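**Q** One structure, as structure tokens, below. Some questions next.
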Amino acid sequence: MDEQRGDRRPGPYSGLFGAAPDTYSYQATPKQVTVASVISLGLGAISVLLAVLAMTSAGRQISDVLTGSPDNAPIAVAAAAVCAVLYLLPAIFLRKRQPWARRLLIGVAALGIAGGVVALPSSILGLAIHATLLVLMLQHPTKIWFNRH
């Protein structure tokens with residue numbers, strides 16, 4: 001490279017048109033966000049499956065478990081569909097760095113924890129899953145990644 005003539009050629013790690021590379025605008029997705037997204041996607045898929053099954057001949061049994069009455073199948077389907085949306089939206093938009101998706105998942109996790117505490121001891125797994133989601137969304141790397149949007 002001839003510095004006196006101003007003949008500057010970009011090196012192999014230079015940015016666009018030889019400028020310094022922009023290393024601050026892109027950061028890899030933190031593991032916490034990826035894990036929370038996968039958990040939320042799984043819970044959303046289970047909710048969709050539950051809604052579909054509630055529309056079949058098993059709907060009376062599912063309705064009885066969810067609502068306490070075997071005749072409330074439409075309510076069970078609607079509840080499962082709402083849960084599916086509340087889990088799938090953050091699962092999709094968390095990795096796209098949408099701050100509202102993080103806040104929504106924090107709210108859903110808090111509601112899941114509250115419901116899990118009320119239904120103890122039969123809800124230990126759900127309580128653990130929602131507590132994990134809440135912890136993942138409140139960890140420092142997650143906060144930093146969403147704040148640099």
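**Q** Between region 93-136 and region 45-60, how many Å separate their Cα centres?
**A** Between the Cα centre of region 93-136 and that of region 45-60, the gap is 22 Å.
**Q** Tell me the accessible surface of Val118 in square angstrom (1.4 angstrom probe, heavy atoms of protein chains only), to the nearest ten.
**A** 130
**Q** For region 66-105, I need the span (max minus min coordinate) of the C-alpha atoms along each principal axis, in Å, sorted largest to smallest.
**A** Reported extents, whole Å, longest axis first: 42, 13, 9.
**Q** Could you list the square roots of 5 times each eigenvalue of the Cα gyration tensor of region 26-149, that is, the equivalent ellipsoid semi-axes, sorted largest first and rounded to whole Å? Kindly include the intermediate steps, with their values, before the conclusion.
**A** Values: eigenvalues 184, 48, 19 Å².
Three semi-axes, in Å: 30, 15, 10.
**Q** Just to make sure I understand: if all protein chains stay in place, what is the order of Val33, Val82 by accessible area at 1.4 Å, largest first?
**A** Details: Val33 0, Val82 85 Å².
Ranking Val33, Val82 by accessible area, largest first, yields Val82, Val33.
**Q** Leaving out ligands, DNA and RNA but keeping every protein chain, what accessible area does Ile144 have, in Å² rounded to the nearest 10, with a 1.4 Å probe?
**A** Approximately 60 Å² for this residue.
**Q** Something else now. First compute the accessible area of region 71-138 with a 1.4 Å probe, then give the percent of it belonging to carbon and sulfur atoms. Spell out each step's value before the answer.
**A** Numbers: 2800 of 3600 Å².
Looking at region 71-138 in its full context, I get 78 percent from C and S.
**Q** So, one more: I'd like to check one number: the per residue accessible area of region 16-149, probe 1.4 Å, reported in Å² as a whole number.
**A** Values: 8090 Å² over 134 residues.
Accessible area per residue: 60 Å².
**Q** Probe 1.4 Å, all protein chains in place: accessible area of Thr56 in Å², nearest 10?
**A** Looks like 70 Å² after rounding.
The values are calculated or read from the model by the stated rules, or taken from the named source; none is laboratory data. What you are looking at is a predicted structure, and each value in this text was computed from that prediction instead of being measured. Accessible surface areas use protein heavy atoms only, side chains included; no ligands, DNA or RNA. Shrake-Rupley method; radii C 1.70, N 1.55, O 1.52, S 1.80 Å.
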